[in-house]
1. Answer yes or no as to whether residue 21 is at pLDDT 85 or above, in the same structural domain as residue 322 (by TED's automatic domain parsing) and surrounded by 12 or more Cβ atoms within 10 Å (Cβ to Cβ).
2. From the list 292, 270, which residue is over 30 Å from residue 44 (Cβ atoms), surrounded by 14 or more Cβ atoms within 10 Å (Cβ to Cβ) and without any contact (Cβ under 8 Å) to a residue 60 or more places away in the chain?
3. Return the residues of region 128-168 that are more than 33 Å from the chain's Cα centre (by Cα), part of a loop (DSSP other than H, G, I, E, B) and surrounded by 15 or more Cβ atoms within 10 Å (Cβ to Cβ); say none if nothing qualifies.
4. Answer yes or no as to whether residue 121 is under 23 Å from residue 205 (Cβ atoms) and surrounded by 17 or more Cβ atoms within 10 Å (Cβ to Cβ).
5. Return the residues of region 188-213 that are in contact (Cβ under 8 Å) with a residue 40 or more places away in the chain and not in a loop (DSSP other than H, G, I, E, B); say none if nothing qualifies.
6. Just checking: which of the helices (runs of 4 or more DSSP H) contained wholly in region 258-355 hold 3 or more residues that are at pLDDT 85 or above, under 45 Å from the mean Cα position of the chain (by Cα) and assigned by TED's automatic domain parsing to the domain that holds residue 44?
7. In the set 123, 95, 136, 102, which member is without any contact (Cβ under 8 Å) to a residue 40 or more places away in the chain and touching a helix residue (DSSP H, G or I) at 6+ places or on another chain (Cβ under 8 Å)?
8. Just give me the residues in region 73-90 being at pLDDT 90 or above and touching a strand residue (DSSP E or B) at 6+ places or on another chain (Cβ under 9 Å), in sequence order.
């Protein structure tokens with residue numbers, strides 16, 4: 001068959017398919033409504049589930065805690081350090097990990113110093129470290145006793161992304177602090193803003209959380225000058241995902257079956273109402289693939305129309321919802337094409353074609 005003749009047949013099949021759709025406007029509108037109704041639920045639930053899952057994975061790189069100042073500090077700026085220093089010693093001397101800057105220490109040593117609490121050296125039990133510029137390491141020997149931690153000894157699993165990005169042996173090194181003076185939070189003259197950073201950067205392992213260490217940490221601030229909010233303790237997203245899996249997914253599966261059954265009923269009705277037109281088409285030389293192509297126009301058109309409605313509902317935005325809607329449209333077309341083929345295969349029309 002020549003290319004010209006084949007393209008002509010394709011145009012004819014599309015034209016006949018469009019005519020079939022317009023002859024059965026009610027059926028077409030009902031199918032669009034069914035697919036659109038199911039689509040709004042599928043897209044919304046999938047979008048919410050993916051967003052909640054993404055947030056859950058990202059949570060480890062977000063602040064574990066946030067602080068709300070309940071009482072203004074004194075003019076000296078070291079009120080929080082004096083109030084909470086000893087209590088924080090009890091937590092970070094054995095558990096958790098966090099980091100902050102030390103304004104007064106930075107001024108005294110004339111260099112940027114990030115103070116880290118946690119087991120960052122795999123080979124020792126030390127829990128206090130400084131992250132400093134490599135060029136200033138020698139100058140710090142008069143301030144504290146320390147050892148440089150090698151890259152191989154660093155426990156990167158205990159570090160968040162920000163600290164990992166800071167560690168560069170061309171610029172910064174990690175020092176394990178040996179001086180007793182700097183082994184506890186109370187040993188530093190932390191400014192109030194430094195203490196707020198230390199609290200907000202605090203993280204605890206799953207084992208420590210199971211032991212209630214995070215609650216001990218939070219109780220330090222109960223009824224005092226600060227309110228500490230545990231951002232990792234929010235169960236809403238997990239509850240929403242559980243609800244989606246437990247109720248929305250089964251509902252969508254039931255609605256999918258109803259949509260397919262609706263398509264079977266509507267398509268059989270179309271075959272019956274257009275039987276005369278189909279027979280003329282077959283007698284004119286149409287084969288099985290031509291009948292499939294003709295009816296595929298109906299399948300594609302109702303799905304594209306439903307997708308357009310979903311796209312309008314989404315405010316024409318290109319985001320997760322619209323991507324899921326597009327995937328949903330493709331899956332619907334594939335499923336309905338298979339169902340349509342099975343119906344045609346069992347119909348009397350195939351006997352007329354003879355192939």
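1. Numbers: at pLDDT 85 or above: yes; in the same structural domain as residue 322 (by TED's automatic domain parsing): yes; surrounded by 12 or more Cβ atoms within 10 Å (Cβ to Cβ): yes.
It is true that residue 21 is at pLDDT 85 or above, in the same structural domain as residue 322 (by TED's automatic domain parsing) and surrounded by 12 or more Cβ atoms within 10 Å (Cβ to Cβ).
2. Numbers: 270 fails: without any contact (Cβ under 8 Å) to a residue 60 or more places away in the chain.
Of 292, 270, the one residue that is over 30 Å from residue 44 (Cβ atoms), surrounded by 14 or more Cβ atoms within 10 Å (Cβ to Cβ) and without any contact (Cβ under 8 Å) to a residue 60 or more places away in the chain is 292.
3. Residues satisfying the conditions are 137, 143, 144, 149.
4. Numbers: under 23 Å from residue 205 (Cβ atoms): yes; surrounded by 17 or more Cβ atoms within 10 Å (Cβ to Cβ): yes.
Considered against the rule, which asks whether it is under 23 Å from residue 205 (Cβ atoms) and surrounded by 17 or more Cβ atoms within 10 Å (Cβ to Cβ), residue 121 comes out as yes.
5. 192, 193, 194, 195, 196, 197, 198, 199, 200, 203, 208, 213
6. Working: elements: 275-283, 288-313, 320-346, 348-353.
Helices (runs of 4 or more DSSP H) meeting the threshold: 288-313, 320-346.
7. Working: 123 fails: touching a helix residue (DSSP H, G or I) at 6+ places or on another chain (Cβ under 8 Å); 95 fails: without any contact (Cβ under 8 Å) to a residue 40 or more places away in the chain; 102 fails: without any contact (Cβ under 8 Å) to a residue 40 or more places away in the chain.
Just one listed residue meets the conditions, 136.
8. Result: 88, single match.
The values are calculated or read from the model by the stated rules, or taken from the named source; none is laboratory data. Everything quoted here is computed from the prediction, not taken from an experiment. Here Cβ is always computed from backbone atoms with ideal geometry, including for glycine, and neighbour counts include all displayed protein chains.
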